[in-house]
1. So, of the residues in region 154-197 that are β-branched (Val, Ile, Thr) and closer than 17 Å to Val131 by Cβ, which turns out to be nearest to the chain's Cα centre (by Cα)?
2. Any residue at all in region 36-46 that is assigned to a loop (DSSP other than H, G, I, E, B) and either at positive phi or at pLDDT below 95 (or both)?
3. Give the residues of region 47-84 that are more than 25 Å from Asp117 (Cβ to Cβ), part of a loop (DSSP other than H, G, I, E, B) and touching a residue at least 40 places away in the same chain (Cβ under 8 Å), sorted by residue number.
4. Mind listing just one residue for me: the one in region 116-146 that is in contact with a Pro (Cβ under 9 Å, 6 or more places away or on another chain) and among the β-branched types (Val, Ile, Thr) and, of those, nearest to Thr206 (Cα to Cα)?
5. Which residues, counting only those in region 105-116, are surrounded by fewer than 18 Cβ atoms within 10 Å (Cβ to Cβ) and at pLDDT 95 or above?
6. Name, by its number, the condition in (1) part of a helix (DSSP H, G or I); (2) free of Cβ contacts under 8 Å to residues at least 40 places away in the same chain that does not hold for Glu190.
7. When the residues of region 218-230 are narrowed to those that are crowded, with 16+ Cβ neighbours inside 10 Å and in contact with a Gly (Cβ under 8 Å, 6 or more places away or on another chain), which ends up farthest from Tyr178 (Cα to Cα)?
8. Evaluate the following for Phe188: is it at pLDDT 95 or above, out of contact with any His (no Cβ under 9 Å at 6 or more places or on another chain) and within 27 Å of Gln123 (Cα to Cα)?
Amino acid sequence: MYNPLRHTPIIVLCGGLGTRLRTVLTDKPKILAPIGNKTLLDFIISMLTGAGFEKIILSVGYLKEQVKAHCAKRNYSVIFSEEDEPLGTGGAVKAALQHITSDLFFVMNGDTIFNPDFSELYQFHKEKKGVMSMLITRGYKGDGGDVVTTNKNQRIIQWRKKTQYEQPETLHLNTGTYLMEKEATHFFPETKYFSLEHDFFPILFTQKCYGLPIDELFIDIGVPERYALAREQDKTRAASKQ
């Protein structure tokens, strides 16, 4: 059975400094954060290979040698896009483009507990015929997050920070999972360092970009409280299987 994900690369952004998590994760990059008897990276690789991806590009920077060593130990078939200096989420994608030969590619943040249906996003994107599609969820756990508003055709019409008084289950929040046409990168800033969220999306959203709403659980482990929540969720899941 044909699976288009086999021929679509995915960039996993895992090069961040993780400064907010340093109090509980002092000597590891976020992607190697222990969750149960595995690391976050193990969960992500298992999820992506299970979905059918064959070209996984890890954008690595901070403590990247640890990530490379872990992948070698586990015999993970991945490509490394290496940062010698912090590039931001946008700069990291821009640097990883050297490994992209297709007209379409996925991007996902590598510091989240999330198990979406990538095939569903692929089909949605093909139907909408935009330059980018993103997954948005009401299953966001914790504070923070970016609110994404769409019109009746699911085109993105607004992007803003969630306030501390808003409940995530009443809103659609960005999951950091995108499917982009290569032509979308024409809107990248000329600088090496830039943010997808702050420097690129406000420009790109003038084009046809769409949001696919789902209710999938989503936890960004970037702060100690949400990392603790992710570990607790894993314990609950493990207990339910016994």
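The values are calculated or read from the model by the stated rules, or taken from the named source; none is laboratory data. Bear in mind the structure is a predicted one, so any value in this text is a computation, not a measurement. Every residue, glycine as well, gets a Cβ built from its backbone with ideal geometry; the counts of neighbours run over all protein chains shown.
1. Across region 154-197, the extreme among qualifying residues is Thr177.
2. Within region 36-46, one or more residues are assigned to a loop (DSSP other than H, G, I, E, B) and either at positive phi or at pLDDT below 95 (or both).
3. Correct list: Gly61, Tyr62, Glu83.
4. Among them, the one singled out is Ile136.
5. none
6. (1)
7. Among those that are crowded, with 16+ Cβ neighbours inside 10 Å and in contact with a Gly (Cβ under 8 Å, 6 or more places away or on another chain), it is Leu229.
8. It is true that Phe188 is at pLDDT 95 or above, out of contact with any His (no Cβ under 9 Å at 6 or more places or on another chain) and within 27 Å of Gln123 (Cα to Cα).
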